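The block underneath contains the structure these notes are about, expressed in structure tokens.
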Amino acid sequence: MSRIGKKPVLLPAGVQVKINGSDVHVKGPKGELARSFDPAMTIAQQGNEVIVSRPDDQRQNRALHGLTRALLNNMVEGVTTGFKKTLMVDGVGYRAELAGKRLMLYLGYSHPIMIEPPAGITIEADPKAKTITIAGIDKEKVGEISAEIRSLRPPEPYKGKGIRYSDEVVRRKAGKAGKVGG
């Protein structure tokens with residue numbers, strides 16, 4: 001059995017789960033999420049736990065077992081506590097600021113880049129600390145928006161300029177060694 005798949009998903013107080021075949025709807029204090037899973041997986045609620053089981057030990061079903069449980073757990077965690085990613089903007093003249101709900105990025109290009117957050121995602125920018133915080137209840141959306149923003153100017157290895165995750169370590173390279181001898 002899958003180590004992750006056989007663990008039950010614990011439902012904290014205030015979280016409701018509606019299971020309709022392979023469609024699952026999770027409602028909690030921060031909002032609600034819905035997702036359709038593979039019909040081969042059996043999802044059942046027993047008290048304050050949701051249990052995922054698979055029909056057999058085929059390779060595909062073993063893979064889906066752990067995936068389904070992890071996605072369900074992320075849905076429950078999202079509607080209770082939410083998810084957050086922090087990005088750092090590093091570089092001379094690079095900055096991020098909010099214009100209404102839109103994020104304006106000045107990253108050394110000839111024009112500022114405007115990012116409109118999708119529904120359910122909030123973006124905060126601190127110009128003094130040069131940080132961008134992306135928060136929401138859907139882990140997939142939070143990660144996707146964070147990756148899109150980072151891809152606009154990924155950190156470069158020589159001076160470390162660009163946008164990076166707050167916990168990301170940029171491997172620095174030495175510059176040109178210069179001419180020796182001659």
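Considering the dipole of region 45-109 built from charges on the beta carbon (Lys and Arg +1, Asp and Glu -1) around the Cα centre, which of 45, 74, 61 is farthest to its positive end?
74
Using the per-residue mean of other Cβ atoms lying within 10 Å as a proxy for protection, in what order, highest first, do the peptides 65-78, 139-152, 89-102 fall?
The densest-packed peptide leads the list: 65-78, 139-152, 89-102.
Taking only Cα atoms, what is the 0 to 90° angle, nearest 10, from helix 59-80's long axis to the longest principal axis of the chain?
Helix 59-80 sits roughly 80 degrees off the main axis of the chain.
What is the angle, in °, between the Cα long axis of helix 139-151 and the longest principal axis of the Cα atoms in the chain? Nearest 10 is fine, range 0 to 90.
Once rounded, the angle reads 20 degrees.
Once you list every other residue whose beta carbon is under 12 Å from the beta carbon of residue 114, what net charge do they have if Lys and Arg are +1 and Asp and Glu are -1?
Value of the local net charge: 0.
May I ask you to rank 64, 87 by accessible area, largest first, using a 1.4 Å probe over the protein chains only?
64, 87
Dipole size in debye (nearest 20) for region 37-128 around its Cα centre, Lys and Arg Cβ +1, Asp and Glu Cβ -1?
With only Lys, Arg, Asp and Glu charged at Cβ, the dipole is about 120 debye.
Name the shape class, rounded, prolate or oblate, that the alpha-carbon gyration tensor gives for region 1-92, where a ≥ b ≥ c are the square roots of its eigenvalues, rounded holds for a/c under 1.5, and otherwise prolate holds if a/b is larger than b/c and oblate otherwise.
Taking the square roots of the gyration eigenvalues as a ≥ b ≥ c, region 1-92 is oblate.
For region 1-28 and region 67-141, what is the separation of their Cα centres, given in Å?
27 Å
Please report, for the Cα atoms of the chain, the Rg to one decimal and the Dmax as a whole number; what are they, in angstrom?
21.7, 80
Can you show me the helix-derived [θ] at 222 nm for the chain, built from DSSP H runs with n ≥ 4 at -39,500 (n - 2.57) apiece and divided by the number of residues, rounded to the nearest 500.
Calculated mean residue ellipticity at 222 nm is -6500 deg cm²/dmol.
Roughly to the nearest percent, how much of the accessible area of the chain is carbon and sulfur, given a 1.4 Å probe?
Its accessible area is 51 percent carbon and sulfur atoms.
The values are calculated or read from the model by the stated rules, or taken from the named source; none is laboratory data. Note that the coordinates shown come from a computational prediction; the quantities given were computed from them, not determined experimentally. Don't worry about glycine lacking a Cβ; one is built from the backbone with ideal geometry, like all the others, and counts go over all protein chains shown. Just the protein is used for accessible areas: all its heavy atoms, side chains included, with ligands, DNA and RNA removed. Shrake-Rupley method; radii C 1.70, N 1.55, O 1.52, S 1.80 Å.
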